[in-house]
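> Sharing a structure below in structure tokens format, with a few things to ask.
The values are calculated or read from the model by the stated rules, or taken from the named source; none is laboratory data. A quick note: this is a predicted structure, and the numbers were derived from the prediction, not measured. Note: ideal-geometry Cβ built from the backbone for every residue, glycine included; neighbour counts use all protein chains shown. SASA here: full protein model, heavy atoms, side chains in, ligands and nucleic acids out. Shrake-Rupley method; radii C 1.70, N 1.55, O 1.52, S 1.80 Å.
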Amino acid sequence: LGTGSTSPSTTVTPQKVALPGGVTVTAIAAGEYTDLALTSTGKVFAWGWGKEGEIGDGSFTQNNVTPTQVQLPAGARVVAIAGNYYACFALTSTGKVYAWGEDYYNELGNGTANTTNVAVPVPVHLPSNLVVTKLAGGNGGYGAEVLATNGQVWTWGYGNEGQLGNGTFTTQTGDPVQVHLPAGITVADIAAGDYFDMLRTTAGKVWIWGEDQYNELG
């Protein structure tokens, strides 16, 4: 809950998160057991479970009861945040994406077969000329999805159910892959579920790919 209390408890009444004084939050995001807050100055705070490095402060502390500032590169101003099961993601004002936390399923996207958990944000291995405008956490809870200014959508991480969208059932990939979009569509927004990803087009249509065990694909 990030209240600063060291006594684990469950509450049905909303509690105020113990963010530093003077901080104005503009966006929030949640992973499985880790929460994120984005401030008006482009900083990111995290709290909760951090055993896989999800807090992003250089530590692997299991329980973090107070929000801690994520150690992003100097000068980085974050404009969007996302979380999945055990990893976190940040999109900067320059269109770059950073990831931190667990990498067991290559969900950090920082290189093929690089499965080392990290406690400080690392750049996602997207093409150098790609400028990202939207970010979503997902891919079976073990990856992420981004939309670029050129209209392309890229994914990485766990892909066993087809959620990479590149025409394969690749188990996992640490190098982001381009989603095979239908011809003639322009993507307006993206979102990610547990084992599936989706997009909305400028024409108001929705496309989806990945697992269909519970008829998620609609």
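> Could you give every pair whose Cβ atoms fall below 7 Å, whose first residue belongs to the stretch 158-183 and is under 19 Å from L126 (Cα atoms) and free of Cβ contacts under 8 Å to residues at least 40 places away in the same chain, and whose second residue is among the small types (G, A, S) and open to solvent by 60 Å² or more (accessible area, probe 1.4 Å), counting only separations of at least 6 or pairs across chains?
H180/G167
> Quick one: which of F89, F45 is farther than 21 Å from V153 by Cβ and part of a strand (DSSP E or B)?
F45
> Still on this structure: What do you reckon, is L72 of a type in the set (A, V, I, L, M, F, W, C), out of contact with any helix residue (DSSP H, G or I) (no Cβ under 9 Å at 6 or more places or on another chain), within 26 Å of P123 (Cβ to Cβ) and in a loop (DSSP other than H, G, I, E, B)?
yes
> Go through (1) assigned to a loop (DSSP other than H, G, I, E, B); (2) crowded, with 20+ Cβ neighbours inside 10 Å; (3) of a type in the set (G, A, S) for G157 and report which single condition fails.
(1)
> Right, next: So which pairs qualify, if the first residue must be in the stretch 118-134 and open to solvent by 40 Å² or more (accessible area, probe 1.4 Å), the second must be of a type in the set (V, I, T) and in a loop (DSSP other than H, G, I, E, B), the Cβ gap must be under 8 Å, and the two must be at least 6 apart or on different chains?
Close Cβ pairs satisfying both conditions: V131/T94; V131/T149; T133/T149.
> Checking W209 against (1) in contact (Cβ under 8 Å) with a residue 40 or more places away in the chain; (2) within 22 Å of I81 (Cα to Cα); (3) part of a strand (DSSP E or B), which single condition isn't satisfied?
Here W209 meets the rest and fails (2).
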